[in-house]
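The values are calculated or read from the model by the stated rules, or taken from the named source; none is laboratory data. Model, not experiment: these values are computed from the prediction. Neighbour counts run over all protein chains shown; Cβ positions are idealised from the backbone, glycine included. Please note that ligands, DNA and RNA were not included when accessible areas were found on the heavy atoms of the full protein model with its side chains. Shrake-Rupley method; radii C 1.70, N 1.55, O 1.52, S 1.80 Å.
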Amino acid sequence: MAEQHLSPRLIPDRLQSRSSRMLKSWESLLLVVAILIFALNSFASPYFLDPWNLSDATFNFTEKALIAFAMALVIISGEIDLSVASIIALSSTAMGLAVTMGADTPVLVLVGLGTGLFCGMVNGLLITGLGLPSIVVTIGTMSLFRGLSFIILGDKAYTGYPESFAFFGQGYVWWVFSFELALFAVCAVVFGVLLHKTNFGRTVYAIGNNQTAALFSGVRVGRVKFILFLLTGLMAGIASICLTSRLGSTRPSIALGVELEVVTMVVLGGVSILGGSGTIPGVVLAAFIMGMVTFGFGLLNVPGIVMSIFIGALLISVIALPILWSRARRRMAQ
Amino acid sequence: ETKKIALVVKALGIGFFEAANKGAQEAAKELGDVEVIYTGPTTTTAEGQIEVINSLIAQKVDAIAVSANDTDALVPALKKAMERGIKVISWDSGVAKDGRSMHLNPSSSPLIGNMIIKLAADQLPEGGDVAVLSATATSTNQNVWIEEMKKVLPNYKGINVVATVYGDDLADKSYRETQGLIQSYPNLKAIIAPTSVGIVAAAQAVTDAGKTGQINVTGLGLPSEMAGHVKSGASKSFAIWNPIDLGYSATMIAYDLIGGAEAKPGAELKMGRMGAVKLDDNNEGAMADPFVYDASNVEEFSKIF
Amino acid sequence: MMAKLLKNREILLVFAIIALVFLIALRFPGFVEPANLARVYNDTSILIILALGQMAVILTRCIDLSMAANLALSGIVAAMINAAFPGVPIPLLILAVVGLGAVLGSINGLLVWKLDIPPIVVTLGTLTIFRGSIFLLSNGAWINAHQMSDAFKALPRASFAGFAVLSWLSVMAIIAVYLLMTRTPIGRAFFAVGGNPHAAVYTGIDVGRTRFLAYCLSGALAGLAGYLWVSRYAVAYVDIAAGFELDIIAACVIGGISIAGGIGSVGGAVLGSLFLGVIKNALPVINISPFAQLAISGTVIIIAVAVNARTESRKGRVILKKAEAV
Amino acid sequence: MKPAIALEGISKSFPGVKALSDVSLSLYPGSVTALIGENGAGKSTLVKILTGIYQPDGGTIRVDGVETQFPTAMAASQHGVTAIHQETVLFDELSVAENIFLGHAPRNRFGLIDWKTLNGNARDLLRRVGADIDPTIRLRDLGIANKHMVAIARALSIDASVVIMDEPTAALSHKEIHELYELIDRLKADGKAILFISHKFDEIFRIADRYTVFRDGGMVGAGLIADVDQDQLVKMMVGRDVGQVFPKVDVAIGEPVLTVSGYRHPTEFEDINFELRRGEILGFYGLIGAGRSEFMQSLIGITRPSAGAVKLDGKVLVIRSPSEAIANGIVYVPEERGRQGAIIGLPIFQNVTLPSLNRTSRSGFLKLANEFALAREYTQRLDLRAASLDQDVGTLSGGNQQKVVIAKWLATQPKVIILDEPTKGIDIGSKAAVHAFMSELAGQGLSVIMVSSEIPEIMGMADRVIVMREGRIAGRFERAELTAEKLVRAAAGIATQVEGGAA
Ligand SMILES: Nc1ncnc2c1ncn2[C@@H]1O[C@H](COP(=O)(O)OP(=O)(O)OP(=O)(O)O)[C@@H](O)[C@H]1O
Ligand SMILES: Nc1ncnc2c1ncn2[C@@H]1O[C@H](COP(=O)(O)OP(=O)(O)OP(=O)(O)O)[C@@H](O)[C@H]1O
Ligand SMILES: [Mg+2]
Ligand SMILES: [Mg+2]
């Protein structure tokens, strides 16, 4: 010991190898759960293992997962955006309005994305510009955005979307692979790289762990957060395009309550709600799990609310079990 | 081989639809080779119904009979169902034409529109202000009925519709909206709530405001839920069709279609003990007239639904 | 002096509420009649009771998203007991429901305390579990006015000294919680745990236990509100008070209770609830399109937060002050 | 003499760290025991075990000879053990009085808190520790030094036989430190057993009667202060001789690098003008709360000055954010390590590379190998002690965290580095490493601003000293004319009198 004090110590890069760390990670736990649920489903219903049915099942989560990717980043940075479902509603309303003015598919897509970005900007400005807590601001904009849809639409609905617009929510890229599923895969990769492989992603983690210190370290905290809210708005806009296309119509009550499902997905994916940690692969797995649970239960004609009990219990137990397990192990060791 | 007919409702747990399920089960028993799957989302959303429909498609049911939360949003999902050989009809609350082969109205919309205003007007020989408490602003059937009601309004001299408010089929919101109406319109004489949730909440709010006897609550409601309010005098009378018959008829029609009948304008589809329904140019048909309940008969029916 | 008063959040809110009522009175004079104001208060009572519980939880740096679901579950159990055994005396029933609410709250509390799961996750989970349990319990069926006994429905409506019992109950809740918050160690511990949980450990406060008790309190109040809600609206079903959790949190936020914990007051919670209550009651009365209501309440929440943040953000320490005096 | 409290064979492990192994310590009534050791030696851990915050893995605690356990903080205080902890454990939003009595507030006959008695008792206690503070104001309205006085009052609000002080003077200025010494003398006279933890040797020799030295979680020596000298203690602590304490090398001072003129802020500071030259170490001395940190933070764009200009290498700069400051080569090592410096939750190497990501990455994409290389280079030069570079900084001791923070800023290869209290709370060995490194940097032509409240450090390291008082420059001294007295006088604003209104 004393010897080592004399010369500077050589500090190794890592103590654990990557593979051993991965084995112990949240994601591997989720993977096990996902496989279990898949097995249980195929056991419980003869209809489950049908490519078309599985493909239909993906619609249960793709749109929510698109938002969940961006939401994961927002939550890792220590903020939250509860207004996403309302952004979907407002984007959809804006697209409906554009249809009545004779817009064609490309214009509709631009309108959807633009509205999403705009809403994200409003959130971002209120949160980073005025320094308000995001949970409260987005509870406010949640009412505001949907309220605007109600003012524009009232008790009416927009229909009459052009034929070509149906592709985003109902089209298939190849065989059973829908456009939404492809978009989900692409976004998973893009967000995975953005969060885990870029400087931007690193600053997101830094902000989530210690915002002040990140600011002192030259991270442009306000700008990064603003971008994250823009990104969430944009993803909500994309989800709105998919959902509107899938429904073929717009009502102001579209996507009601989706925000909690998105947050649940993100948290189930292992993102710490307190900020600072979490991964995109975790969110992808959580999306699959939630989608398969709802579809599997649906095949058994279990009411949706029972599925939500299951998801709620899953959310808590997936977090609680490892804690209980490690406690039990420690007690055994003593 | 048993035929699987799915009865998809706006939301599980609503008394009206539970009663419809009773009728559907009765039809299944009568037919013998039918299994009825009673299902629906837990909240009245179109997205929830789409998820349910998707899982029904996956189960390869033979027919889907749906009471829709949204006229248009269900169309793509139901179209997919029809493409995969599933017979689709809507009942109670309809789906746009592309999304179903026929729609069964509980009664004809003009009849209902007339009925709800007539119930109010009958108690107001000198005329007066009335207000409408609807469900959600997006409810298809509510909107049609209110429209039909407004068409025949000139026939009822002195009756003045002062407002339409929305209780979203939530008890507390309907209650609060009714309170607002009572506040804003001191001369209000009647509240028409063509929704089973709204009418109960409105009657409760009128009772709590001490306006029993001054404001008459009427509209469409279930005898079991309204019996107390009829007794207290908050509601003189209300109307409803028999939901048991409705579920029964929808199941029978679906079975008829599975059996090869074709839904086209002018066709007649069999409804078992309810007779047959004749389709109009929109492939829609009406089951029967709404039935009025008042102090004389509500007790008796409240035991049934 | 005036400037200092304006910095005080509660006083600012009182002014805001008075100004709001005044504006409404311009368009609808009937609104300021005492009877109507009493009605508005009565209508806000349940929100006040709930906001008091939420306040305690938020003070400890937690959040309770499951309050509305707890209310619904407790309420439906109350209705089911009443429907099945109309003979059970109402006070006993209320006691049972408050106890049930507290037990449900304690589930949240235990998960937060013993397993250290973040509060927002716990209550997001129990929110869906509570709602689902209602469905399993009632099979989705509604319990309607005619199934409830008259005594069950009468209590909140009964009038005492000119005000409804519902209003009196909320006043009692306010007083009780006020005493609890200012005059008992556990009340002070709520502030300490939220203000600096790390330091609370050093002062011998058990952070987890304190949070647990805050959840029990919010649960008990949700249970009470459950009975009041169901008996007041005379109907019980799975979805009662769905989404109401956000109203409760909004009331707290408008009342200046810091979502980061440690800052807030009973007065703030009450005034925040009243502010929301006035708006909710006024909009239909002054004939604002029902479609605009949602947007308006959203805007109000945002403005309230912004104003609160203004009053909260202090100037830094003034180092130069003394130098200037020299 | 019988010890008031005796620890025997105490061990404590954290995941991956053995913080204490088999240590023993006895505290005697009426005597001050100094506990010394490097950063991370386990001193604070021992304090937390003594006060019931941590539970030991093994060993016994005897109070007055009776074996006892402290399962909670409450239990410890009931057994007469009280402590002023290293971190301030106070509540900004509560009143001063309540901060003092939280957890043991006086109650009336209904069991409700009796605010009147509470405020009265608090006033008495504050007077006893020599702090003139209104007990009813909110704590957040107090200055940092006064907050420490409240912490001390809190510790004394419990009728204790054992008083523990974990670096109590770290945040106090001259005047308060002397008042604290007097208080300790009074406590001694009352027969209290006192454990005093400090990295400042002058202090230890001034007030301690006994010493105990920890190294790497073990006990390496104990005895009477009268029997040892500083060198012996240091050798026990570090396990080797520490060379020169202030290794200031003479550097040829070059042309001006940074010129600040007319800096002012509406409430925090005004009239700040100075030049910083190449290779120079410019000291900023002042009492705590003099506005030094505030001013330095305005230089890197955290607070906005209302007027003033900065010239770097002859170019006028407008710096609106820390990132612009870093881009221009001005960096600031903040004072509050936990809040502004270390990012707890991120591994060491990510902490170090955060401001330098542009250099370790390629077109915005991370390159881990580069990051590890950069982090290793700088942490090794500062003699960091850690298990691995991907260890969470939160698991390091305070001193080692400070090294990571300094490494973070050096890795940006700045032109001007501002160090705000760089050695606050770090042990003598690490301090020497930081000082040596500072000297080396100056030798390489870097310009250093060193904010320090420690006179020996300022006198030992600075080429020139600027003294600030109440937001203004109160004096400028060349190295040659520096004396401790001049510094103190300028900082306190006293012309002739020794006592003055410097509060
Ligand atoms: N909660 C904890 N979790 C993990 N490790 C810890 C924890 N607290 C302390 N340690 C570790 O225990 C060792 C002793 O830390 P301690 O704080 O007691 O040191 P110290 O002697 O007080 O140092 P300093 O002079 O820097 O205050 C360090 O290696 C530290 O990293
Ligand atoms: N009332 C207070 N509450 C909390 N922290 C305080 C308070 N007063 C001072 N501080 C802290 O101490 C530091 C004092 O900084 P300031 O710029 O006022 O003076 P300074 O001359 O830098 O004093 P110091 O010797 O502490 O660095 C700030 O960083 C601040 O965080
Ligand atoms: Mg320490
Ligand atoms: Mg400072």
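Among the strands (runs of 3 or more DSSP E) confined to region B:92-204, the ones with at least 2 residues that are within 14 Å of chain C (Cβ to nearest Cβ) are located at B:128-134, B:159-166, B:188-193. Considering only region A:214-239, how many residues are touching a Lys or Arg at 6+ places or on another chain (Cβ under 8 Å) and at pLDDT below 95? Number of matching residues: 1. Test each condition in (1) within 19 Å of the chain's Cα centre (by Cα); (2) open to solvent by less than 30 Å² (accessible area, probe 1.4 Å) for residue B:204 and report the one that comes out false. Residue B:204 satisfies every listed condition except (1). Being in a loop (DSSP other than H, G, I, E, B), at pLDDT 90 or above and either surrounded by fewer than 23 Cβ atoms within 10 Å (Cβ to Cβ) or of a type in the set (D, E, K, R) (or both) is the requirement here; does residue B:13 meet it? No; evaluated as a whole, the condition is false for this residue. Note on region C:190-199: among residues that are crowded, with 24+ Cβ neighbours inside 10 Å and more than 8 Å from chain D (Cβ to nearest Cβ), the one that is farthest from residue D:90 (Cα to Cα) is C:190. Scanning region D:260-307 for residues that are more than 10 Å from chain C (Cβ to nearest Cβ), part of a strand (DSSP E or B), within 15 Å of ligand 2 (Cβ to nearest atom) and touching a Pro at 6+ places or on another chain (Cβ under 9 Å) yields D:263, D:272. Just one residue in the set B:245, B:256 is acidic (Asp, Glu), open to solvent by less than 50 Å² (accessible area, probe 1.4 Å) and closer than 22 Å to residue B:111 by Cα; that residue is B:245.
Residues of region B:120-144 that are of a type in the set (A, V, I, L, M, F, W, C), open to solvent by 10 Å² or more (accessible area, probe 1.4 Å) and under 29 Å from residue B:95 (Cβ atoms): B:144 alone. Residue count for region A:288-334 under the criterion of being hydrophobic (A, V, I, L, M, F, W, C), more than 14 Å from chain B (Cβ to nearest Cβ) and surrounded by 12 or more Cβ atoms within 10 Å (Cβ to Cβ): the result is 12. Restricting attention to region A:256-276, the residues being more than 7 Å from every other protein chain (Cβ to nearest Cβ) and not in a helix (DSSP H, G or I) number 6.
Among the residues of region A:13-50, those identified as open to solvent by less than 60 Å² (accessible area, probe 1.4 Å) and part of a helix (DSSP H, G or I) are A:20, A:27, A:28, A:30, A:33, A:34, A:37, A:39, A:41, A:42, A:44.
The set of residues from region A:191-247 being surrounded by 24 or more Cβ atoms within 10 Å (Cβ to Cβ), of a type in the set (Val, Ile, Thr) and either within 14 Å of chain D (Cβ to nearest Cβ) or under 26 Å from residue D:349 (Cα atoms) (or both) comprises A:204, A:207, A:219. If the condition is being at the interface with chain A (Cβ under 7 Å from one of its Cβ atoms) and among the hydrophobic types (A, V, I, L, M, F, W, C), then region B:58-80 contributes B:58, B:73, B:75. Could you please find all residues in region C:142-172 being open to solvent by less than 50 Å² (accessible area, probe 1.4 Å), aromatic (Phe, Trp, Tyr) and not in a helix (DSSP H, G or I)? Hit for region C:142-172 is C:142, nothing else. Among the numbered conditions (1) more than 30 Å from residue A:267 (Cα to Cα); (2) outside any helix (DSSP H, G or I); (3) without any contact (Cβ under 8 Å) to a residue 24 or more places away in the chain, the only one that residue C:117 does not meet is (1). Apart from one condition, residue D:148 fits all of (1) open to solvent by 50 Å² or more (accessible area, probe 1.4 Å); (2) within 14 Å of another protein chain (Cβ to nearest Cβ); (3) within 16 Å of ligand 4 (Cβ to nearest atom); the exception is (1). Those helices (runs of 4 or more DSSP H) of region D:131-237 in which at least 1 residues are in contact with a strand residue (DSSP E or B) (Cβ under 9 Å, 6 or more places away or on another chain) and free of Cβ contacts under 8 Å to residues at least 60 places away in the same chain, considering only elements entirely within it, cover D:174-189, D:201-207.
Considered as a group, the residues in region D:300-311 that are more than 13 Å from ligand 4 (Cβ to nearest atom) and buried (at least 20 other Cβ atoms within 10 Å of the Cβ) include one that is farthest from residue D:419 (Cα to Cα), and that residue is D:305.
Listed here are the residues, each with its yes/no results for (1) away from ligand 4 (no atom under 16 Å from the Cβ); (2) over 30 Å from residue D:344 (Cβ atoms).
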position: D:415; (1), (2): yes, no
position: D:435; (1), (2): yes, no
position: D:457; (1), (2): no, no
position: D:471; (1), (2): no, yes
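The requirement of being more than 14 Å from chain C (Cβ to nearest Cβ) and within 16 Å of ligand 3 (Cβ to nearest atom) is not satisfied by residue D:445. Scanning region D:387-432 for residues that are farther than 25 Å from residue D:204 by Cβ, of a type in the set (Gly, Ala, Ser) and more than 9 Å from ligand 1 (Cβ to nearest atom) returns D:387, D:388, D:407, D:411. The residues of region D:33-56 that are within 10 Å of ligand 1 (Cβ to nearest atom) and hydroxyl-bearing (Ser, Thr, Tyr), listed by number, are D:44, D:45, D:54. Could you list, in sequence order, the residues of region C:83-139 that are basic (Lys, Arg) and more than 18 Å from residue A:308 (Cα to Cα)? The one that is basic (Lys, Arg) and more than 18 Å from residue A:308 (Cα to Cα): C:114.
Please name all residue pairs, on different chains or six or more residues apart, with Cβ atoms under 6 Å, provided the first residue is in region D:472-488 and is part of a strand (DSSP E or B) and the second residue is aliphatic (A, V, I, L, M). Matching pairs, first to second residue: D:472/C:323; D:473/D:466; D:474/D:467; D:474/D:490; D:475/D:467; D:475/D:490; D:476/D:466; D:477/D:465. Determine, yes or no, whether residue D:47 is among the hydrophobic types (A, V, I, L, M, F, W, C), open to solvent by 40 Å² or more (accessible area, probe 1.4 Å) and within 16 Å of ligand 3 (Cβ to nearest atom). It is false that residue D:47 is among the hydrophobic types (A, V, I, L, M, F, W, C), open to solvent by 40 Å² or more (accessible area, probe 1.4 Å) and within 16 Å of ligand 3 (Cβ to nearest atom). Taking the criterion of being among the aliphatic types (A, V, I, L, M) and assigned to a loop (DSSP other than H, G, I, E, B), the residues of region C:248-304 that qualify are C:257, C:259, C:260, C:263, C:286, C:288. Test each condition in (1) open to solvent by 50 Å² or more (accessible area, probe 1.4 Å); (2) away from ligand 4 (no atom under 16 Å from the Cβ) for residue D:323 and report the one that comes out false. Failing condition for residue D:323: (1).
Looking at D:408, D:403, D:431, just one residue is at pLDDT 90 or above and away from ligand 4 (no atom under 16 Å from the Cβ), and that residue is D:408.
Annotation note: Cβ proximity below 7 Å between a residue of region D:29-44 that is more than 19 Å from residue D:205 (Cα to Cα) and open to solvent by less than 20 Å² (accessible area, probe 1.4 Å) and a residue that is within 16 Å of ligand 2 (Cβ to nearest atom) and modelled with pLDDT of 90 or more (sequence gap 6+ or interchain) occurs for no pair.
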